[in-house]
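Bear in mind these aren't lab numbers, they're just calculated from the coordinates by the rules spelled out. These numbers were taken from a predicted model, which means no experiment stands behind them. A quick note on method: Cβ atoms are made from the backbone with ideal geometry, for glycine too, and the neighbour counts reach across all protein chains shown.
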Amino acid sequence: MNNPRKHHYIPVFYLRQWATNGFLCEMRKIRGKIIVSSKAPDGTGFQKDLYKIEGIPTDVAQHFERTFMHMVDTQAAVAMRKILAGTTATWPTKERDAWVRFILSLIFRNPEAVAVVKEEMRRIWNESIQAVRDDYDSYRQPGDPDTAEEYIARTDPNAPAIAGSNFLQSMMNSGPIANGILKLRWGRINFPHSRWTLVTSDRPLDLPHGLGSKDSYIALPVGPRTLFVGTSDRLDLRDLSAARQNEMVRDINERTVSMARQYVWAIDDSAREFVRKYIGTLPERQLISDRARQLAIQQARGANE
């Protein structure tokens, strides 16, 4: 069975939109400098074994990438072709759900987010193990070993990694967040007359106000001159002047680059100085709130609030 080790957190079908003759411009921040390279879409935006679960059989260890992420990206590619073609008046449920799942994946699938989730799962696991050590008599069931250490020795040391993988999948299928996105008005904005083109990055999704408020919106570049948007109110931006298009593309690019951590992709390197100025200037999105972290630790310790 094929077990791909190049785990693309920015998928190939998405990056292809910026490629010319099979290559796109990669601008990468390395030790404070912007390094420009020409890359095939398959040769960037990935980390080797990013979603792999260590210590278990290979087929199971690579299940998240081979099965779940492959499904997410395959279905999203169909939905994005619909957006680029402008045929979004009606959305079959399957395509709409696939696009929502892809949007959610962009929040959680990058290396930094995966590392945060894995670390939190390890922290919670360690807290639960310590709780067993501290009060084994209350945990012990008939047939359990005499000592806490014997009991702990029977537990699966890979449980935190498995839990992290399950958590990522659950968040990419999160009903409450998905429903918030589904309630937005979906559309696209084209910028045929802008002097600049849209760039994308390793944090391409703009969701600045959360979901559920009158100011909620999402924005995602889906090509050099096309932006997918979801807004609380109806958005009518037809017949934009060239000057207005320039202004909007510049603002969108600033958000896209400012949210980036390491990579920005474009059709060429004309935005190199722009990238150098703005890359990483916005703080990272907080994935797990302090309150949620505290509650998880309390539960791991067996405490109730």
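A few comments on the model shown:
- Evaluated with a Cβ-only charge set (Lys, Arg +1; Asp, Glu -1), the chain carries a dipole of roughly 1460 debye about its Cα centre, given to the nearest 20.
- Paramagnetic reach from GLU112 (point 7 Å along Cα→Cβ, amide N under 13 Å) across segment 28-72: 29
- Extending 7 Å from the Cα toward the beta-carbon at both ARG250 and ASP97 defines two label points whose distance is 4.4 nm.
- Here the contact order of the chain, divided by its residue count and restricted to Cα pairs under 8 Å and six or more residues apart, works out to 22 percent.
- GluC sites (Glu not before Pro) within segment 18-127: DSSP coil, no more than 12 neighbouring Cβ in 10 Å: GLU54
- Two-site FRET efficiency, HIS193 against ASP269, from Cβ-Cβ distance with R₀ of 25 Å, rounded to 0.05: 0.70
- Proximal charge balance of HIS70 [Cβ under 13 Å; K/R count +1, D/E count -1]: +2
- Within-12-Å neighbourhood charge of ILE181 [Cβ basis; K, R +1; D, E -1]: +3
- Residues THR256, THR90, THR197 arranged by fewest to most Cβ contacts within 10 Å: THR90, THR197, THR256
- Charge sum, other residues only, whose C-beta stays under 10 Å from LEU50's C-beta, Lys/Arg counted +1 and Asp/Glu -1: +3
- Theoretical gain in end-to-end length, PHE23 to ARG261 [0.36 nm per residue, Cα-Cα removed]: 83.5 nm
- The ARG185 and GLU284 beta-carbon pair, evaluated with R₀ = 30 Å, returns a calculated FRET efficiency of approximately 0.60.
- Extension gain (nm, one decimal) between ASP215 and THR87, 0.36 nm per residue minus Cα-Cα: 43.5 nm
- Available extension along the chain between ARG5 and THR74 is 23.1 nm, counting 0.36 nm per residue and deducting the alpha carbon span.
- In order through segment 33-47: 3J(HN,Hα) via Karplus (6.51 cos²θ - 1.76 cosθ + 1.60), integer Hz, x for Gly, Pro: 10, 9, 9, 9, 9, 9, 9, 6, x, 6, x, 8, x, 9, 9
- Links that overshoot a 24 Å alpha carbon limit, given the list LYS118/LYS183; LYS39/LYS277; LYS6/LYS29; LYS33/LYS118; LYS94/LYS118: LYS118/LYS183; LYS33/LYS118; LYS94/LYS118
- Distance in nm between pseudo-label sites at ASP42 and GLU150 (7 Å out along the Cβ direction from Cα): 5.5 nm
- Per-pair calculated FRET efficiency, R0 = 25 Å: ASP49 and ARG123 via Cβ, rounded to 0.05: 0.70
- Amide proton proximity set for ARG261, modelled H, under 5 Å, gap of 5+: ASP202, ARG203
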